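Please read the structure below before turning to the comments.
The values are calculated or read from the model by the stated rules, or taken from the named source; none is laboratory data. In this text the structure is predicted, and so the values were computed from the model without any measurement. No Cβ is skipped: glycine too gets one built from the backbone with ideal geometry, and neighbour counts run over all protein chains shown. Protein only, heavy atoms only, side chains kept; ligands, DNA and RNA dropped before computing areas. Shrake-Rupley method; radii C 1.70, N 1.55, O 1.52, S 1.80 Å.
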Amino acid sequence: MDSKVIVITGAGGVLCGNFAKELAKDGHRVALLDINIDAAEKLAAEIRENGGEAIAIKTNVLEKESLENAHNEVLNTFGKCQVLINGAGGNNPRGTTTNEYFNPEDIDKEDVVSFFDLQPDGVSFVFDLNFLGVLLPTQVFAKDFVMGEKGCILNISSMNAYTPLTKIPAYSGAKAAVSNLTQWLAVHFANSGVRVNAIAPGFFVTNQNRGLLFNDDGTPTARTNKILNATPMGRFGEADELMGTVRFLLDDSVSSFITGVVIPIDGGFSAYSGV
Ligand code: NAD
């Protein structure tokens, strides 16, 4: 694929940070947008030290003004955005129940968050981050390539989009909405030279899920054992294992007729009934 200007939100994180590193190695100019500027700057410096072209920009994907500022900085440094990867997202304890199954005794327990204790602001926080956090950057950056130039958008959905996981109703609903929005945008931009696709990673250990997967002493939680039992390959994925599909979906020379798809990369999780 020719060298492109690639904007990656959430690039200070584990999965999208790796996208940034690998795509920079391929010769692309990468703009790393993250609310965690320290992480994004550290990675951008590392990419530059290795001969790549990268900038880090402190950006909140939920604030239009912050995104507009980032857009101007990308235009001034690299020129128009040609690829947008909407990677910022994740779960939060405020949208999470303590237990998998409802037990009437939980209602009076201070240390248990039951379904009835979930607060609207906690649910909205997770929903907004994952859904609006894709919609708003797309509004700001896709303008660069709907005006007669080709462009490409990649969103990050999840296994939760197909069947919700226990405990995380807000994240599951929001990721289902991301898959849905991917299809909607693909149709909406189909005649504008813009392709919109998504990947649906299975289970990868990153900052946003570490607390659910491992106890403080580093031992796996019961949830980790369930996940690994439900993943036929019996292990977590490695960030690099997403790269083949990412490169494929971004490259017009091999995927020019592909738009509106969500590709699972999950060690067989979505194919397995559990029996
Ligand atoms: P991560 O926590 O390592 O990275 C997420 C990044 O998003 C962080 O750097 C964080 O600072 C950034 N971010 C959070 N809020 C932001 C905001 N308002 N504005 C800008 N940046 C913000 O997690 P990750 O697992 O690498 O997540 C990357 C994407 O992959 C997310 O969309 C996540 O939902 C998705 N995903 C992850 C998994 C997994 O198993 N890890 C599975 C499926 C999907």
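Accessible surface for region 1-98, divided over its residues, is 43 Å² per residue with a 1.4 Å probe. A simple spin-label model places pseudo-atoms 7 Å from Cα toward Cβ; at ARG210 and LEU135 they are separated by 3.2 nm. In this label model, ALA271 and GLU110 are separated by 5.0 nm, measuring between points 7 Å along each Cα→Cβ vector. For region 246-275, the list of chymotrypsin sites (Phe, Trp or Tyr not before Pro) that fall in a loop by DSSP and count at most 14 other C-beta atoms within 10 angstrom reads PHE257, TYR272. Computed in the context of the full set of protein chains, the accessible area of the chain at 1.4 Å probe radius has 53% of its extent on carbon or sulfur. Cut-off 20 Å, label point 7 angstrom out along Cα-to-Cβ of GLU149: give me the residues of region 50-77 whose amide nitrogen falls inside. Correct set: 53-57, 67-77.
Which shape class applies to region 167-247: rounded if a/c is under 1.5, otherwise prolate when a/b exceeds b/c and oblate if not, where a ≥ b ≥ c are the square roots of the Cα gyration tensor eigenvalues? Because a/c hits 1.5 or more and a/b exceeds b/c, region 167-247 counts as prolate.
Taking the square root of 5 times each eigenvalue of the Cα gyration tensor, what semi-axes in Å does the equivalent ellipsoid of the chain have, largest first? Could you put the intermediate results ahead of the total?
On the way: eigenvalues 207, 78, 72 Å².
Working through the eigenvalues yields semi-axes of 32, 20, 19 Å.
When all alpha-carbon pairs of region 219-271 are counted, what percent fall beyond 19 Å? Considering region 219-271, 43 percent of its Cα-Cα pairs are separated by more than 19 Å. In this structure, the residue pairs whose Cα-Cα separation is over 29 Å, taken from LYS58/LYS226; LYS25/LYS167; LYS21/LYS58, are LYS58/LYS226; LYS25/LYS167. Take each peptide in 174-183, 149-158, count the other Cβ atoms within 10 Å of every residue, and average; sorted highest first, the result is 149-158, 174-183.
If you average 1/r over every pair of different alpha-carbon atoms in region 1-126 and take one over that average, what Kirkwood value in Å do you get? Intermediate values should be presented prior to the final figure.
On the way: mean 1/r = 0.0615 Å⁻¹.
It is 16.3 Å.
Could you tell me the center-to-center distance, by alpha carbons, between region 1-54 and region 205-269 in angstrom? Measuring centre to centre over Cα atoms gives 20 Å. Peptides 34-42, 227-235 ordered by packing proxy, namely the average of other Cβ atoms within 10 Å per residue, highest first: 34-42, 227-235. Principal axis analysis of the Cα atoms in region 141-207 yields extents of 44, 22, 15 Å, listed in decreasing size. In terms of the mean number of neighbouring beta-carbon atoms within 10 Å, the peptides 48-61, 69-82 order highest first as 48-61, 69-82.
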